[in-house]
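These notes concern the structure reproduced below.
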Amino acid sequence: MDSSKRVRRSSAPRSVAMRRRPVAAGRIRSTPAPERAVQQWSTAGDPVLAVTTSGEVEPAEVTRAVRAIGRVLRRHRLDATTRVRVTAPARPGDPTLVQANLCLRDLPTRVQVTGPRGFAVTFAAERLDRRLARAASGEARAWPDPARPPLTAVTAVRPIVRSKQCLLLDGTAAEAAAVLDAMDYEAYLFVDAETGEDAVVHWVDGVGAGLIRQRSTRPAPSPMTGPLSVGALPVRTSAEPAPVLTRAAAAHRLCRAGLPFLFFTDTATGRGALLYRRYDGDLTLVTPAAAAG
């Protein structure tokens, strides 16, 4: 963002009403307090670009995020409100995590990447630039992705530190793959409209997505055409259904096999569940939310 623009920040938690004091974008100042791990910054210009930091993030890193992400948005002539989150590592030497979220033609779009302190924001801006260019051309993401290697490591069993209940997309594998790409996920839980089963799409080597259902192994239909498709993204259906496991057994299998994620049928609910490894090594569990009504 140009230095003539102004940035406003608050060190109050999100749930608290904030009083913001404008400061020059190139001269952002902050006095971190131990009890205030989260800070929020937002530009006074248009488009709105809000930066949330977690942990010990230097003000210079916030300035870098505003300028780098702002340049990308201007290059692609976008005025979409954009939210950036910069998370400092808990341990020195671990990577910084940067995430950027915006709506692109009414489709939620996200990039997420890690990198060394001082470089992670630049990596995120470059990834966002490539993502927006691919969206304009209809090109799908290639996998393996050198900027986002999968979190594969054989470890001791790690705890499930977060559980998320989500309202699931009820759609085709091609529609789910479009969300997988747009949101920069490695795996995405949805309801397969062809079978009515919970399922997951995930990236596989080359340009394409894999599909795992709870029970059915019949091939997915050809990708649909239209705004939700990612070019002619092929979907490869797994020959094996999801395993039926307890949550504890799923965590054990993921960690001891060095998997980045595991889709399984939860013995407690009979529904599909997605367990994945976080950047800090612990685990997050995603399950379907109960439908309202």
Review point. Does L151 qualify as being closer than 22 Å to C255 by Cα, touching a helix residue (DSSP H, G or I) at 6+ places or on another chain (Cβ under 6 Å) and among the hydrophobic types (A, V, I, L, M, F, W, C)?
Key: no
**Study point:** All positions within segment 103-158 that are of a type in the set (A, V, I, L, M), in contact (Cβ under 8 Å) with a residue 60 or more places away in the chain and farther than 30 Å from E58 by Cβ
**Key:** L107, A136, A140, A142, V154, A156, V157
Study note, to complete from the structure: Out of (1) farther than 16 Å from T284 by Cα; (2) touching a helix residue (DSSP H, G or I) at 6+ places or on another chain (Cβ under 6 Å); (3) outside any strand (DSSP E or B); (4) open to solvent by less than 40 Å² (accessible area, probe 1.4 Å), the one A177 does not meet is (2)
Check your understanding: Restricted to segment 79-133, and to residues that are open to solvent by less than 30 Å² (accessible area, probe 1.4 Å) and among the polar types (S, T, N, Q), which residue is farthest from P149 (Cα to Cα)?
Key -> T82
Revision key, fill the gap. Given (1) modelled with pLDDT of 85 or more; (2) within 28 Å of A182 (Cα to Cα), R105 misses just (1)
Exercise for review: Would you mind finding the one in S4, S30 that is more than 22 Å from L132 (Cβ to Cβ), outside any helix (DSSP H, G or I), at pLDDT below 50 and out of contact with any strand residue (DSSP E or B) (no Cβ under 8 Å at 6 or more places or on another chain)?
Suggested key: S4
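The values are calculated or read from the model by the stated rules, or taken from the named source; none is laboratory data. All of these numbers come straight from a predicted model, not from anything done at the bench. Glycine also receives a Cβ, built like all others from the backbone with ideal geometry; neighbour counts cover every protein chain displayed. Quick note on the areas: whole protein, heavy atoms, side chains included, nothing else; ligands and nucleic acids left out. Shrake-Rupley method; radii C 1.70, N 1.55, O 1.52, S 1.80 Å.
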